[in-house]
Amino acid sequence: SMIKKRFGNRVRELRMQANLSQEKFSLLIDMDRTYLASVENGKRNISLKNIAKIADGFQITIEELFKGI
């Protein structure tokens, strides 16, 4: 769906701004790299727990994570 693609694009954008590979970021937030890749590709209906992990990894709020989506 569109929201999954937009969320995935936002995660990828923030990760690239932070100059982190999928591998490094997934290790940082204790998430499997293939799971993170599926989130970024808009293929995963991500849980609230994992949304919080991603926001924490970027050191931003969940609200900031969803900005512009």
**Per-residue ³J(HN,Hα) for the stretch 9-19, Karplus 6.51 cos²θ - 1.76 cosθ + 1.60, θ = phi - 60°, Hz, x for Gly and Pro** = 5, 5, 4, 4, 4, 5, 5, 5, 4, 7, 6
**Message:** Give me the base-10 log of I(q)/I(0) for the chain at each q in 0.17, 0.21, 0.28 Å⁻¹, Debye formula, one uniform scatterer per Cα, rounded to two decimals.
**Reply:** -0.50, -0.80, -1.59
**Fill in**
Kirkwood Rh over alpha-carbon pairs of the stretch 10-50 plugged into Stokes-Einstein at 20 °C, 1.002 mPa s gives a D in µm²/s of 208
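Quick one: if the Förster radius is 22 Å, what FRET efficiency do Thr34 and Lys4 give, using the C-beta to C-beta distance and rounding to 0.05? Spell out each step's value before the answer.
Details: r = 16 Å, r/R0 = 0.73.
After rounding, the FRET efficiency stands at 0.85.
In percent, what relative contact order does the chain have, based on Cα pairs under 8 Å that are 6 or more apart in sequence? Intermediate values should be presented prior to the final figure.
Values: 63 pairs, mean separation 29.4, N = 69.
Relative contact order here is 43 percent.
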**Request:** Let me know the number of lysine pairs in the chain closer than 19 Å at the Cα, not counting same-chain pairs under 8 apart.
**Result:** 12
**Complete:** The answer for the longest stretch of the chain without any exposed trypsin sites (Lys or Arg not before Pro) (DSSP loop, at most 14 further Cβ atoms within 10 Å) is 1-42
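Working out 0.36 nm times the residue gap between Asn41 and Asn19, then minus their Cα-Cα distance, what length gain in nm do you get to one decimal? Don't skip to the end; give the middle numbers.
Working: separation 22, 0.36 × 22 = 7.92 nm, distance 1.82 nm.
Stretched fully, the Asn41-Asn19 segment lengthens by 6.1 nm.
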**Prompt:** In the neighborhood of Phe58, defined by Cβ-to-Cβ distances under 9 Å, what is the net charge if each Lys or Arg adds +1 and each Asp or Glu adds -1?
**Reply:** -1
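Out of the total accessible area of the chain (probe 1.4 Å, heavy atoms of protein only), what percent is carbon and sulfur?
Working: 2310 of 4500 Å².
Ligands and nucleic acids excluded, carbon and sulfur reach 51 percent.
The values are calculated or read from the model by the stated rules, or taken from the named source; none is laboratory data. Since this is a predicted model, take the numbers as computed values, not measurements. Cβ: placed from backbone, ideal geometry, glycine included. Neighbour counts: every protein chain shown. The area values use the complete protein model at the heavy-atom level, side chains included, leaving out ligands, DNA and RNA. Shrake-Rupley method; radii C 1.70, N 1.55, O 1.52, S 1.80 Å.
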